[in-house]
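The values are calculated or read from the model by the stated rules, or taken from the named source; none is laboratory data. Just so it is clear, the structure is predicted and the values come from calculations on it, not from any experiment. Here the Cβ is made from the backbone with ideal geometry for all residues, glycine too, and neighbour counts use every protein chain on show.
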Amino acid sequence: MRTSLLLLGLAFTAPSVLLASDAELANRPFGLVIHGGAGVIERKSLTPEVEAQYRAALSQAREAGYAILEKGGTSLDAVVAAIQVMEDSPLFNAGKGAVFNADGFCDLDASIMDGRTQAAGAISGVRRIKNPITLARAVMEKSEHVMLAGEGAERFAQKIGFEFVPNEYFQTDFRRKQLEAAKLREAAAAKKKTSSLTTSDHFDRVARYGTVGCVALDRQGNLAAGTSTGGMTNKKFGRVGDAPIIGAGTYANNATCAVSATGWGEFFIRVGVARDIAAQMEYKGSSLADAANATIAKVGQLGGDGGVIAIDREGRVALPFNSVGMYRGFKLSTGAAAIEIFGQSK
Ligand code: ASP
């Protein structure tokens, strides 16, 4: 039988502790959690047909990632594979089907983090990259930077040979109608002189759900997290949400957990959601579930809504949210699996 040498962090100084047999590897927990966005998702707002479409798309994304983990692939590859499926589906606010900004374009944000090395990559405000999560990964692996924005990010993409699509590729009638409705609500609010900074209509709470994310633990014990979004309907002035911000929308560290967030990004940035969860585990010894719940409570106390998906190095998962619903699913090597949309997570 072959003996595998696992290169875990301090591998080179103490190789004797790093030898793991195939049997040990086979017994290590692995799995992944995905989300397709949090928001006002009620049973009555989804017809059975549309609900079935969401469930099918979530399953397809989950299986794409899980198949990689099962074969011994990396958590990073699993995260990218799962997210790509949802970016390609018009159902989600990421890639094709992303929400419109106030100027009538889809501006895409994405980020990814490798829990093994804590390398990270992010892009914001790109308009022509078919799968933004793949460009975030390229920033991580092929540039000396962590985050590239707008036109510069696209120039980098061009330089390393990415394929471009026109912005129309991302645009759907469904999202265009949401922009029109958001503009009408905004005009009505302005007439009533409602402060646009305090009204929840400002970012169109109803119409923004659909951000996607994935967190994964592979057989080697490595964690990874990724998030991809079109942001919020009717966003203005180059607005950037939490999704591409490492520590807010995405975070992964093998020492603690991997987290991907979805929700009202301004609040998630202010709380530093993803890193806050990991920090509680690191500094206080909190469990994943306690840390994730406490962080979502902080978002709620400020007036924000949304949720997170998280997985720790033992393969325990948490999916708390304070919004009405969150598209979500997971599959673990223990056999536990679920796809859920409404209500509170167990
Ligand atoms: N967090 C995303 C943003 O603020 C939106 C969402 O997850 O629904 O851009």
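If the requirement is being of a type in the set (G, A, S), closer than 24 Å to R28 by Cβ and more than 15 Å from the chain's Cα centre (by Cα), which of these qualifies: G300, G285? Give the steps one after another, and end with the answer.
Details: G300 fails: closer than 24 Å to R28 by Cβ.
Matching residue, one of G300, G285: G285.
Is it the case, given these coordinates, that A98 is within 16 Å of the ligand (Cβ to nearest atom) and assigned to a loop (DSSP other than H, G, I, E, B)?
Details: within 16 Å of the ligand (Cβ to nearest atom): yes; assigned to a loop (DSSP other than H, G, I, E, B): yes.
Spelling it out, A98 is indeed within 16 Å of the ligand (Cβ to nearest atom) and assigned to a loop (DSSP other than H, G, I, E, B).
May I ask you to list the residues in the stretch 217-235 that are within 13 Å of the ligand (Cβ to nearest atom) and assigned to a loop (DSSP other than H, G, I, E, B)?
Correct list: G230, G231, M232, T233, N234, K235.
Return the pairs, sorted by first residue and then second, in which the second residue is of a type in the set (S, T, Y) and surrounded by 13 or more Cβ atoms within 10 Å (Cβ to Cβ), the first residue lies in the stretch 172-186 and is within 19 Å of P90 (Cα to Cα), the beta carbons are less than 7 Å apart, and the residues are 6+ apart or on different chains.
Q178/T233; L179/T233
Identify, by number, the condition in (1) without any contact (Cβ under 8 Å) to a residue 12 or more places away in the chain; (2) crowded, with 16+ Cβ neighbours inside 10 Å; (3) among the β-branched types (V, I, T) that T117 doesn't meet.
(2)
Restricting the search to the stretch 152-168, which residues are surrounded by 12 or more Cβ atoms within 10 Å (Cβ to Cβ) and either modelled with pLDDT under 95 or more than 15 Å from T134 (Cβ to Cβ) (or both)?
Matches in the stretch 152-168: G152, N167.
Table: residues versus (1) surrounded by 24 or more Cβ atoms within 10 Å (Cβ to Cβ); (2) farther than 22 Å from I41 by Cα; (3) among the charged types (D, E, K, R).
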| residue | (1), (2), (3) |
| --- | --- |
| K71 | no, yes, yes |
| L76 | yes, yes, no |
| P90 | no, no, no |
| V99 | yes, no, no |
| F105 | no, yes, no |
| L108 | yes, yes, no |
| S111 | yes, yes, no |
| R127 | no, yes, yes |
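Within the stretch 138-157, does at least one residue satisfy the condition of being among the charged types (D, E, K, R), within 19 Å of the chain's Cα centre (by Cα) and closer than 27 Å to N234 by Cα?
No, because not a single residue in the stretch 138-157 is among the charged types (D, E, K, R), within 19 Å of the chain's Cα centre (by Cα) and closer than 27 Å to N234 by Cα.
Taking the residues in the stretch 247-266 that are under 21 Å from L302 (Cβ atoms) and surrounded by fewer than 22 Cβ atoms within 10 Å (Cβ to Cβ) as candidates, determine which candidate is nearest to the ligand (Cβ to nearest atom). Please lay out each step first, then the result.
Residues of the stretch 247-266 under 21 Å from L302 (Cβ atoms): 247-251, 259-266.
Next, from what is left, pick out any that are surrounded by fewer than 22 Cβ atoms within 10 Å (Cβ to Cβ): 247, 266.
On the way: G247: 14, E266: 7 Å.
The residue in question is E266.
Assess whether S45 counts as being hydroxyl-bearing (S, T, Y) and within 16 Å of the ligand (Cβ to nearest atom).
On the way: hydroxyl-bearing (S, T, Y): yes; within 16 Å of the ligand (Cβ to nearest atom): yes.
Yes: the conditions hold for S45.
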